[in-house]
1. Just the Kirkwood number for region 11-71, please: inverse of mean 1/r across all distinct Cα pairs, in Å, one decimal.
2. How big is D for region 341-380, in µm² s⁻¹ as a whole number, if Stokes-Einstein is applied with the Kirkwood radius of its Cα pairs at 20 °C and 1.002 mPa s?
3. At a temperature of 20 °C and a viscosity of 1.002 mPa s, determine how fast region 116-212 diffuses translationally according to Stokes-Einstein, using the Kirkwood radius over alpha-carbon pairs as Rh; express D in µm²/s, rounded to the nearest whole number.
4. What FRET efficiency comes out for residue 244 versus residue 409 if R0 is 22 angstrom and r is the Cβ-Cβ distance? Round to the nearest 0.05.
5. Taking the Cα centre of region 335-403 as origin, sum charge times position over the Cβ atoms of Lys and Arg (+1) and Asp and Glu (-1), and report the length of that vector in debye to the nearest 20.
6. Ratio of the chain's C-alpha Rg to 2.2 N^0.38 Å, to two decimals?
7. Using mean Cβ contacts within 10 Å as the protection proxy, how do 323-333, 241-251 order, highest first?
8. Report the charge-dipole magnitude of region 230-387 in Debye, nearest 20, computed about the Cα centre from +1 at each Lys and Arg Cβ and -1 at each Asp and Glu Cβ.
Amino acid sequence: MSRCRLFEKDGYLQEQVNPDLWPTVDDSRLSEIEKNRYVNRRDAIVMYFKRVDMKEIQRSTQISPQNLRRLVKRCIDLDENGVVWGFRALIPYKKVKSYRLDVLKEDRNESRKTGEFNLLLETHPDIKDLITDLYLGTHRRTLEPAMKPLNIHKKFIEQCRNKEIPLSQYPFNTKNMGRKALQRFLNRIAYLHFGEGNRRYGQDAKTRAKHTGEGEQNHPSTLHPYQKVQFDAHRIDGFFIVDLVTPEGDLVSVTLDRFWILTLIDVATRIVFGYSISLSKEYSASDVMICFRNSVIPHEKIQITIDGMKYSELGGFPSEVYPQNTSWAVWDVICFDNAKSHLANLVKDRLKNLIGCATNLGPVALPMRRGIIERFFKTLEETGFHRLPNTTGSNPDDPRRKNPEKNAIRYHMTFEHLKQLIDVMISDYNGTPHGGIYHQSPLELLG
């Protein structure tokens, strides 16, 4: 061939000239017309890098050599993050370069202000630094903990006046004085500085963003049941009655509002292996071990005494539905937080010597690292406890909170009712389709 191929020139990185290393595209998300156009371009690019003759490529894909070289240049360019565009550049109407205003262009439309804001920041980089510092709260440009975009815009206009920019030029010659463009620029800053930008919403938001939203996360895939489980406890939002017998032999009803449910859930299948209930104000290491014991030994259904309530035929616990494979089964890794009862020597010793599993203590103040069990507790509350007349709601101002203590006494909602309710809800949960596992039920996925 007379002409040298683009990828044969010097100065390109290996990932630029090797389509096997390019980012791919999910073409199923494109419309039928856009998909056909994209596939046609992709086939032409692949043939080009396989050194197929340009005329043959044109006969097969109807893409001219001139257009093909343009597409190749788009593909081997690097984006703003230094990653080769690859097949992404072949998506119809995809922009691979940001717009730059050419003030010397003869056919320029003076009424359009597209690109004026970026040109202003390029001309006055100190204004760009000021806006970035005000938004991120760096370099002590302001004492406000989180300056609002409206106030940043005021500082922006003030700085433009200090630069003695004429009133006939941008941003003074626009209706909103560049406020919309500034807002888009602030959104871009929030995207590029995700961790620092979330500091505007508090230190807790910054910590969560740092550990879950940036960089390469250490979340290895869990593929098999019993490979990894998550454990936690949750306070039940409701009042219940406990019947006690006094030393004199009298039966006394005491209202308690501090029940805990301790649960063990499988990460791969979302199935709940077992649970336990604690009546103490704070659950102990013994309560934790009772939950582990209930998760290992075969489960037996509770006799239901509540009128109208029954177990779902599709639900159940693993040891009930698959007794040959799951009875007395144990797990490989258990994840829990740094609660005192979890760190007790009793728990460590039993997990190591009896269960034989590894423990994974998650980072402090990051419950999202155990998001599966946290989401299960929310499901349990929203579909169960918060629908009861004795619920305390999720907070003191929750409208569902209507005299929970009086209702518990009025309807005589006892601790025995609570045990039956929890057993039925967890059993039904195991047989309910779950969106996180492609709308299969945990029992179906386990089987």
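Please treat every number below as a calculation from the coordinates, not as lab data. Just so it is clear, the model here is predicted, and its values are computed rather than measured. FYI the Cβ positions are ideal-geometry reconstructions off the backbone, even for glycines, and counts take in every protein chain you see.
1. 12.6 Å
2. It comes out at roughly 181 µm²/s.
3. Details: Rh = 14.1 Å.
After rounding, the answer is 152 µm²/s.
4. With a Förster radius of 22 Å, E is 0.90.
5. That gives region 335-403 a dipole magnitude of about 120 debye.
6. Cα-based Rg divided by the globular estimate yields 1.40.
7. For the peptides 323-333, 241-251, the packing ranking is 323-333, 241-251.
8. Numbers: 16 positive and 19 negative charges, 123 e Å.
Charge dipole, region 230-387, about its Cα centre: 600 debye, nearest 20.
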